[in-house]
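A.B. asks: The structure that follows is given in the form of structure tokens.
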Amino acid sequence: MTEPKEFRLITKTLSGFEEILAEELSAIGARNINPLRRAVEWYGDKEMIYKVNYLSRLSLVTLKPIKDFPASNHDLLYDGVRSIDWVKYFDLKNTISVKASTYKSSLDHTQYIAQKTKDGIVDYFRDRFDERPDVDTYDADIQINVHLNEDYCEISMNSTGSPLFKRGYRQATGPAPLNEVLAAGMIQLSGWDKVSNFVDPMCGSGTLAIEAAMLAINLPAGYFREKYSFMNWLDFDAILWKKVKEAADSQLTDFDGMIFASDISPKYIEIASENIHFAKLHKDITLKQCDIANLKYPEGNGTIIINPPYGERIRTNDISELYKIIGDSLKFKAAGYNAWVISSDLEAIKLIGMRPMKRYNLFNGALECKYNGYSIYEGSKKDLYKA
Ligand SMILES: C[S@@+](CC[C@H](N)C(=O)[O-])C[C@H]1O[C@@H](n2cnc3c(N)ncnc32)[C@H](O)[C@@H]1O
């Protein structure tokens, strides 16, 4: 039986980005889109798998389900996996790895589920060829996902491999760098128009500025990345992949606005500069070492995004004082801008001292955060409202 041209796909993302990922996938060409929890289900063909992996700024990985079956115990899981015609998908010379997840299922030991699934694959090959693929837990050519949802098992091929936040431009990092997908989603949620100024006054390694610049000039999210798992699939179409890449790379545009990034630390400015230069975005991003207390925002208006220290992973002498300084800097010097602050410190974020026009709940790694948006107008400095 030949495979249908369009099939079901699952793209994973971070919590809070389901709706914006659905919009992004739709713009790329996905069909029958259905947001789920930390994922979006959609339909598309092989070309769309390549496009989404290359273009999507908000995806972590895209999974292609290949088989589902009931599996309330380990034997049913093993038998189901072993019955898949694996030679259709990959060559046994490839290394493999298996990742498991569960939701309300009788089997809930993810490591053992992954082990049983791997056994089923290995034994399938042994039966036929008297040989088995090697396992590589670090960076396998072929990555298989097994998900148990209430005793129903779905086996998927991970088309991406290592998650897409590994963009390939970050040469060095600061103390608490933002995940690139989180940074891209924060920019999307901020509503930045890609025309007006973009400012990150606590830029660390420069993630937000780099993601903003890539968005502004239409540089594909995967531009610096060399490897995707789908390249190791038996059905890999190198000509189609080249076509997808060339079409996307031909869409680059100029950006006439200003992307400005600063940080108090000379060391982090050096790190940001290294990353920005690696990405060849030094013409698009202005970098400056500056304490936010003394910062003069670029003339005009636009969007400011701040990822300050939270006092969790980084200790500063006085987190409360720092948040008051951030609030004052915005109220007194950034009229005309929209400003966004992400923090897991729910008390400190109130010290910004303005009423948020919008709030989102996001996770920075394991830290539950508020991502608050403020509209700064001339009268904001007189705004005595404490959020
Ligand atoms: C959580 S880190 C930002 C990480 C960054 N988003 C990234 O992806 O690498 C917070 C940054 O705030 C900077 N910072 C702390 N106090 C500052 C101040 N008063 N003015 C400007 N930057 C400050 C720190 O040097 C640090 O780089």
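Since every read-out is calculated from the coordinates, none of them should be taken as a lab result. None of these values were measured; they are calculated from a predicted model. Using ideal geometry, Cβ is built from the backbone for each residue, glycine included, and neighbour counts are taken over all protein chains shown.
A.B. asks: Could you list log10 I(q)/I(0) for the chain at q = 0.15 Å⁻¹, which the Debye formula gives when each Cα is one point scatterer?
C.D. replies: -1.27
A.B. asks: Filter the trypsin sites (Lys or Arg not before Pro) in segment 1-106 down to the DSSP loop ones having no more than 15 other Cβ atoms within 10 Å, then list what survives.
C.D. replies: Here the trypsin sites (Lys or Arg not before Pro) that fit, given the DSSP loop and packing criteria, are Lys5, Arg37, Arg38, Lys93, Lys104.
A.B. asks: Near Ser162, within a Cβ-to-Cβ distance under 14 Å, what is the net charge of the other residues, with Lys and Arg +1 and Asp and Glu -1? Present the calculation step by step, with values, prior to reporting the outcome.
C.D. replies: On the way: positive: Lys12, Lys99, Lys166, Arg167, Arg170, Arg225, Lys227; negative: Asp136, Asp139, Asp141, Glu180, Glu226.
Residues near Ser162 contribute +2 overall.
A.B. asks: How much of the DSSP bridge set in segment 7-158 is antiparallel, in percent, rounded to the nearest 5?
C.D. replies: Bridges in segment 7-158 that DSSP calls antiparallel: roughly 75 percent.
A.B. asks: Please give the contour-minus-distance gain from Asp151 to Val195: 0.36 nm per residue of separation, less the Cα-Cα distance, rounded to one decimal in nm.
C.D. replies: 10.9 nm
A.B. asks: Roughly what would the spin-label model give for Ala335 and Thr173, points 7 Å off Cα along C-beta, in nm?
C.D. replies: 4.1
A.B. asks: Local charge sum around Thr95 (other residues, Cβ-Cβ under 9 Å, Lys/Arg +1, Asp/Glu -1)?
C.D. replies: Spelling it out: positives minus negatives among the neighbours equals -3.
A.B. asks: Given the options Ser162, Ser229, Ser26, which has the most mean-square fluctuation in a GNM of the chain, springs set between C-alpha atoms less than 10 angstrom apart?
C.D. replies: In the Gaussian network model the winner is Ser26.
A.B. asks: Find how many whole Å separate the alpha carbon centroid of segment 125-141 from the alpha carbon centroid of segment 148-202.
C.D. replies: Comparing the Cα centres of segment 148-202 and segment 125-141, I get a distance of 31 Å.
A.B. asks: Can you give the helix-only mean residue ellipticity at 222 nm for the chain, where every DSSP H stretch with n ≥ 4 adds -39500 (n - 2.57) and the sum goes over all residues, rounded to the nearest 500 deg cm²/dmol?
C.D. replies: That comes out to -9000 deg cm²/dmol.
A.B. asks: Please rank Cys290, Cys153, Cys203, fewest neighbouring Cβ atoms within 10 Å first, as an exposure proxy.
C.D. replies: Ordered by Cβ neighbours within 10 Å, fewest first: Cys290, Cys153, Cys203.
A.B. asks: Counting other C-beta atoms within 10 Å, which of Met214, Met186, Met157 has the fewest, and how do the rest follow?
C.D. replies: Details: Met214 23, Met186 26, Met157 20.
Going from sparsest to densest Cβ surroundings: Met157, Met214, Met186.
A.B. asks: Given labels modelled 7 Å from the Cα in the Cβ direction, how far is it in nm from Lys296 to Arg355?
C.D. replies: Those two pseudo-labels are separated by 3.3 nm.
A.B. asks: Continuing with this model, one more query. How do Ile269, Ile305 line up, fewest other C-beta atoms within 10 Å first?
C.D. replies: Ile269, Ile305
A.B. asks: So how far apart, in nm, are the two label points at Tyr377 and Asp249 if each is 7 Å from Cα heading toward Cβ?
C.D. replies: 4.8
A.B. asks: Summing Lys, Arg as +1 and Asp, Glu as -1, what charge do residues with Cβ under 14 Å from the Cβ of Lys358 carry, Lys358 excluded?
C.D. replies: Numbers: positive: Arg355, Arg359, Lys370; negative: Glu19.
Around Lys358, the charge tally is +2.
A.B. asks: At 0.36 nm per residue, minus the direct Cα-Cα distance, what do Glu226 and Glu3 gain on full extension? Give it in nm, one decimal, please.
C.D. replies: Once the chain is fully extended between Glu226 and Glu3, it gains 77.5 nm.
A.B. asks: I've got another one for you. Evaluate E = 1/(1 + (r/R0)^6) for Ile325 and Phe363, where r is the Cβ-Cβ distance and R0 equals 25 Å; express this FRET efficiency to the nearest 0.05.
C.D. replies: It comes to 0.45.
A.B. asks: With loop defined by DSSP as not H, G, I, E or B, and exposure as at most 10 other Cβ atoms within 10 Å, which is the longest segment of the chain clear of exposed chymotrypsin sites (Phe, Trp or Tyr not before Pro)?
C.D. replies: 139-384
A.B. asks: Rg and Dmax in Å for segment 7-158, alpha carbons only: what are they?
C.D. replies: When restricted to Cα atoms, segment 7-158 yields Rg and Dmax of 15.8, 47 Å.
A.B. asks: Also, quick follow-up: For segment 21-28, what does the Karplus curve 6.51 cos²θ - 1.76 cosθ + 1.60, with θ = phi - 60°, yield as ³J(HN,Hα) per residue in whole Hz, taken in order and with x for Gly and Pro?
C.D. replies: 5, 4, 5, 5, 5, 4, 5, 6
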